[in-house]
Amino acid sequence: MIATSAGVLEFESMRKLLERYVASPLGRKGLAAIAPHTDRARLVEDLEEAAEAAEYLRSAARPQPAARGAAIRLDFSSIPDLTEAVHKLRIEGATLEAREIFDMAGLLDRAADAKSILNAVVGRFPRLGARGQALGEFRALLRDLEGKILPDGTVADHASVALARLRRDIERQKKGIQESLERFLKAHHEEGLLQEEFVTIRNERYVVPVIAGQRRRMDGVIHGASSSGHTLFVEPLETIDLNNELVRLTEEEMREVHRILRELTERLRDYSDSIRQTLETMGELDLIFAKGRFAMDFDCVKPRFSPENAPRLAIKDARHPLLEDVLRRRRLAIVPVTIELDAEHRTLLISGPNTGGKTVTLKTVGLLVLMAQSGLLVPCAEAEFPIFEQVLADIGDNQSIQESLSTFSAHISHIRDMVQDVTPNSLVLLDELGAATDPEEGGALGIAVIDRFRSTGAFTLASTHLVALKIYGANTPGVRNGSMGFDEDTLEPTYKLLLGLPGKSAGLDIAARLGMPEAVMKRARESMSDRERDVSRFLSELHQRLEDASVLQTALVEQQAELARREKELKLEWEKRESAKLKELERRCDLVLEKFEAQAQETIGQIVESADRRKATEQAQRRVAKTKRELREDFETTVLSTQDDARQGELTTRKPRIEEGARVHLKGIRDAARVRRILNEDRIEVEVGFMKMQVPLDDILEVLPEAGAEASLPKNVSYKPAPRLNPLEQEIKVIGERAEEACTQVEKFLDSAVMATASRVRIVHGHGMGVLRKAIWELLASNPHVEKFYAAAQHEGGAGATIVELKD
């Protein structure tokens, strides 16, 4: 960004607040580099990563079974800054210190854990998973380093065979020297040579303390003296060779340690590029999860960036994070702010009482814009911003004694620079515009400044107490008024921003609340002009009406929510009843099928036991035909019964519409009836077959559709009526057909006739050679539905037709 006004908007304080959540020096380095920018693609990616981290942390905080893919909290604490050590790896011949190797092994081990965890959740958290995949693969390297460097930064004895041998030799040599000196101390105990009887070390050699005046009585090498000069530290002559050997062994140990460190460094150097990438990625992950932890603590959301051709600045329930942090420590709640500006309305003028929150509102908008354009989630319920090239803010008292600037001069100088620098993609924040000078001149200057910013297309938010600016906001297209709330009963600000109307300053009310003497307040009120009093009273009434309308709107929304809830309950209750009815239908159908199955099994048993198989077969076929009819009748009854139940609620609330000639279904009568005439409001005359009767309207279960119309059945239930034969068409003609085709048609015709409960049908086959008639008679002789058959009478076709009588 060209300009950010970061100092005025306290962006550095925001950075320090976020630093609480960073665990490592690497993460703090990344945090220090964060700054607002305008790269849309990078911003979107940074915000997506931060949002994923916040969701990952929420998932990790919830109870979950221990399984692959579970979110496990990552620990970035105690990760040292190894930037210098990694730089050493890039210098050929440079050797790392043991502590650096130990810290680097710890980092790689921590990175391996992070890689495994993030790879397991790549499906749910793809961006974090991609970060995990950027971490190097170091399992073979870690196996080579394992245990060779101790936590205190020394090389372990087992790092090499030679080192283990040398250290054993050194320990034996030290023990030999110790024993030699102890013998020396015992031998000279009574001679008065020794200052004290103990063995110590000077210049890496074992010595004994000797009284300075007795030095010439003992052969040896002096390696130092005490601070008082009374004691000399002497290496006895008999231990010189032993100490020399110890020095030699120690030097060999140091050379072996250096060889081991050089070898381990070379091993690490093979992975230098991957280690550097891993170091950077671990720092980035620490920062990403710090953003996520901050977002969880401050209930932040991911802001959206509006398209360039439709800019929009909208925040809902936004909170200033620094103010919220202060109020939390005092156990106080913050009042959120909601603002919406778009391409048609880019300017907002905020008025209202002193100490009412106008400045905090401006700072909240400015800081949240800087946070969003730094890739940080913002503390609000919803947020959408344009991508601004610069944020220009004039907030606070810029008075400077050194530069001979008054409050007004400082403001004007700053605003002058802003007017010169503003662009269409700028956010302009102005606090107390036109203040610190004559109200009339200040108002005129404020209108001109706001109009200049508006003409450039910049988004502008300004706070003011001037009536001229309030009137400008009410009468100018593209400009909105907003007011900070004020409680007339308690004479205290509510800190709530109301859009759409200006607010009154309430300076006198606040002065009275703060203890200004009543005499002073009385004189102040008397000094107000009639115009000022009228404007103040008008604004108070306007705010009261707006508050009343808001209460009514809230009540209406609650009523709508209650109606929606009730509608949902009724729908669930209806679905529950319909489900129960369908289950009852299934149960009844199952009973019918069980009955049919039992009768079929009984018939099969009779056939098996019967001696006359043919007769038994014919009887079984007749029983099957009878059972089919019964099954059809039972099924129709069941469907109609269920249909009656499904319509019961409807029938109880409204009577069916009855017309003469309509087909109806009556209680206790299976066949449909037809209405002959309507007698009165309660009774009708119907015809069922050849029977006429009068019935009450309450006996009508439903009005049936005309023949051919589809009956209305419950959901998931279909009904197919049995075939019906027209009395004038109860015959089939097969003249000219081949015998096989004719028999097939006749067989189907007979099945339909049986299902239609016909008792007598005619088959017209013609005279011919008698082949067709013979084949049909053979079929009729074996058909179980045929009671008897014979040649038709002369008037019905004679020998060219056959009459068939069907069984009941």
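For GLU382, the residues whose amide H sits under 5 Å from its own are LYS316, ignoring neighbours fewer than 5 places away on the same chain, with H placed 1.01 Å from N. If you look at the Cα atoms of the stretch 723-808, you get an Rg and a Dmax of 11.8, 33 Å.
Modelled spin labels at ILE91 and ALA444, positioned 7 Å past Cα toward Cβ, are 7.1 nm from each other. Here the 3J(HN,Hα) profile of the stretch 452-464, calculated from phi with Karplus coefficients 6.51, -1.76 and 1.60 at θ = phi - 60°, is 5, 5, 5, 5, 7, x, 6, 6, 10, 10, 9, 10, 7 Hz, Gly and Pro shown as x.
Here each label is just a point 7 Å from Cα along the line to Cβ, and for SER59 and ASP169 those points are 5.9 nm apart. Could you calculate the FRET efficiency of LEU570 with GLU796 from 1/(1 + (r/R0)^6), where r is the beta carbon distance between them and R0 is 60 Å, rounded to 0.05? After rounding to 0.05, the efficiency reads 0.40.
Step through the table entries LYS667/LYS807; LYS88/LYS174; LYS692/LYS748; LYS581/LYS807; LYS774/LYS807, compare each Cα-Cα distance with 27 Å, and write down the pairs that go over it. Spell out each step's value before the answer.
Values: LYS667/LYS807 30 Å; LYS88/LYS174 36 Å; LYS692/LYS748 35 Å; LYS581/LYS807 37 Å; LYS774/LYS807 22 Å.
From the list (LYS667/LYS807; LYS88/LYS174; LYS692/LYS748; LYS581/LYS807; LYS774/LYS807), the Cα-Cα distance tops 27 Å for LYS667/LYS807; LYS88/LYS174; LYS692/LYS748; LYS581/LYS807.
Here the Karplus relation 6.51 cos²θ - 1.76 cosθ + 1.60, evaluated at θ = phi - 60°, turns the backbone of the stretch 174-184 into coupling constants of 4, 5, x, 5, 4, 5, 5, 5, 5, 5, 4 Hz, with x for every Gly and Pro. Applying 1/(1 + (r/R0)^6) with r as the Cβ-Cβ distance of GLU284 and ARG183 and R0 = 51 angstrom yields a FRET efficiency of 0.20.
Positive contributions from Lys and Arg (+1) and negative ones from Asp and Glu (-1), summed over other residues with Cβ under 12 Å from the Cβ of HIS258, come out at -3. Between ILE117, GLY106, LEU145, the Cα set farthest toward the positive side of the dipole of the stretch 97-148 (charges on each charged residue's Cβ, about the Cα centre) is that of ILE117. Length gained on full extension, ARG683 to GLU251: 143.0 nm, using 0.36 nm per residue less the C-alpha separation.
Between ASP421 and ASP342, what length comes free when the chain is fully extended (0.36 nm per residue of separation minus the Cα-Cα distance, one decimal in nm)? Walk me through the intermediate numbers first.
Numbers: separation 79, 0.36 × 79 = 28.44 nm, distance 2.18 nm.
Gain on stretching ASP421 to ASP342: 26.3 nm.
By definition, a body whose alpha carbon gyration tensor gives a ≥ b ≥ c is oblate when a/c is 1.5 or more and a/b is not larger than b/c, and the stretch 250-334 fits this oblate description. If R0 is taken as 51 Å, the Cβ-Cβ distance between ALA549 and ARG587 corresponds to a FRET efficiency of 0.35.
Tell me the net charge near PHE298. Cut-off is 9 Å between Cβ atoms, PHE298 excluded, with +1 for each Lys or Arg and -1 for each Asp or Glu. For residues surrounding PHE298, the net value is -3. The antiparallel fraction among DSSP beta bridges confined to the stretch 288-432 stands at about 60%.
Backbone geometry of the stretch 336-344 corresponds, through the Karplus equation with coefficients 6.51, -1.76 and 1.60 at θ = phi - 60°, to 3J(HN,Hα) couplings of x, 10, 10, 9, 9, 10, 9, 4, 7 Hz, x marking Gly and Pro. Amide H to amide H distances under 5 Å link ILE684 with LEU679, VAL695, LEU697, where only residues 5 or more positions off or on other chains count and H is placed in the peptide plane. Under the simplified labelling scheme, the ARG124-SER759 pair shows an inter-label distance of 7.7 nm, with each label point 7 Å from Cα along Cα→Cβ.
Values in this text are rule-based calculations from the coordinates and carry no lab data. These numbers were taken from a predicted model, which means no experiment stands behind them. Virtual Cβ from ideal backbone geometry, glycine too; neighbours counted across all protein chains shown.
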